[in-house]
């Protein structure tokens, strides 16, 4: 537990293995009409971690003479490491759950959540091998989901207490905060900002030293860049509190750095495709060229942003797809 800004505390939930259960940040804005930002994991151990740190925050407030009354919890976006703890925290502390209409639809049930991540696959010719592989992939996906569901303590929210709009103003301790829709990492992502304090809760869109995960079907590169560019226009922005990692006290520098990195990686993918000539190149081969000496975990993690980059290059007419897996730069655009 750490005070990251006067009256704002960070609660960090961790698992035994960070690659299976990444540490996640939950923020507590203390005061007579305070708010919790994000719900974290829902497992017994995670809720116990939250409770221990939350009780320490309450002791600090009491010692300072602060009348700390928190009855609301707001979600940044519908990924399981952020929403799974909502119901447990509501049950234990009486927090009212605030969701946008889009969020409410996504996490109302296991079925709606899993459906939102279903990618329509192209038919592969109807062969027996293709059918069996597809069947195996679906079974493996269900097993993987069940394992993560148990380890992360995934719980869904059938009905939220309050439904808000994606661009909205909310009062916390008689101070106006702005909620704005910031898609990119996820299509339902929102950001919370206080102009007077210059404090922004960025969720997963901006992190200090980690490149955010991006991948289909709910990420979008163009939206991500627009969200970052909008953050650069925010007056008095001086502190970003992210959902993972440590806080950023030079936020505009980091945002510009991310935008430059995304531009470079798009150029890298285009160059690799262009250099492949008339034969083209597969997605797997592109990833290997980008990460030749990295682990399979790293390459799997990167696959999403590479797919999105290819989609953007195809939309702009800079590349074309030949067949299911073959990507080729048109001769007239090879440079």
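The values are calculated or read from the model by the stated rules, or taken from the named source; none is laboratory data. Quick caveat, the model's predicted, so the values are computed rather than measured. When we count neighbours, we look across all protein chains shown, and the Cβ atoms used for this are built from the backbone with ideal geometry, even at glycine.
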Next item on the list: Mind listing whichever residues of segment 173-186 are more than 27 Å from residue 308 (Cα to Cα) and either outside the structural domain of residue 232 (by TED's automatic domain parsing) or part of a loop (DSSP other than H, G, I, E, B) (or both)?
Entry: 173, 174
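Hey, does segment 244-263 have a residue that's assigned to a loop (DSSP other than H, G, I, E, B), touching a helix residue (DSSP H, G or I) at 6+ places or on another chain (Cβ under 7 Å) and at negative phi?
No; the residues of segment 244-263 include none that is assigned to a loop (DSSP other than H, G, I, E, B), touching a helix residue (DSSP H, G or I) at 6+ places or on another chain (Cβ under 7 Å) and at negative phi.
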Margin query: Let me spell it out: the conditions are (1) assigned to a loop (DSSP other than H, G, I, E, B); (2) touching a residue at least 40 places away in the same chain (Cβ under 8 Å); (3) surrounded by fewer than 22 Cβ atoms within 10 Å (Cβ to Cβ), and residue 18 meets all of them except one. Which number is the exception?
Written below: (2)
Check: Does residue 170 satisfy the condition of being modelled with pLDDT under 95 and either assigned to a loop (DSSP other than H, G, I, E, B) or touching a strand residue (DSSP E or B) at 6+ places or on another chain (Cβ under 9 Å) (or both)?
Finding: no
Next item on the list: Identify all residues within segment 259-282 that are farther than 28 Å from residue 208 by Cβ and surrounded by fewer than 17 Cβ atoms within 10 Å (Cβ to Cβ); write none if there are none.
Entry: 271, 275, 277, 278, 279, 282
Next item on the list: Could you tell me whether segment 152-161 includes any residue that is surrounded by 19 or more Cβ atoms within 10 Å (Cβ to Cβ), in contact with a helix residue (DSSP H, G or I) (Cβ under 8 Å, 6 or more places away or on another chain) and either without any contact (Cβ under 8 Å) to a residue 24 or more places away in the chain or more than 18 Å from residue 98 (Cα to Cα) (or both)?
Entry: yes
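Identify, please: which residue in segment 208-230 is within 15 Å of residue 253 (Cβ to Cβ) and assigned to a helix (DSSP H, G or I) and is, among those, nearest to the chain's Cα centre (by Cα)? Let's see the steps before the verdict.
At the first step, the residues of segment 208-230 found to be within 15 Å of residue 253 (Cβ to Cβ) are 208-209, 228-229.
Filter once more, keeping what is assigned to a helix (DSSP H, G or I): 228-229.
Numbers: 228: 14, 229: 17 Å.
Per the stated criteria, the residue is 228.
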Check: Do you know which of the residues in segment 231-276 that are without any contact (Cβ under 8 Å) to a residue 24 or more places away in the chain and over 30 Å from residue 4 (Cα atoms) is nearest to the chain's Cα centre (by Cα)?
Finding: 263
Next item on the list: Pick out the one residue from 4, 36 that is surrounded by 14 or more Cβ atoms within 10 Å (Cβ to Cβ), touching a residue at least 60 places away in the same chain (Cβ under 8 Å), more than 17 Å from the chain's Cα centre (by Cα) and not in a loop (DSSP other than H, G, I, E, B).
Entry: 4
Item checked: Criterion: over 17 Å from the mean Cα position of the chain (by Cα), within 15 Å of residue 180 (Cα to Cα) and buried (at least 18 other Cβ atoms within 10 Å of the Cβ) - qualifying residue of 205, 194 -> 194
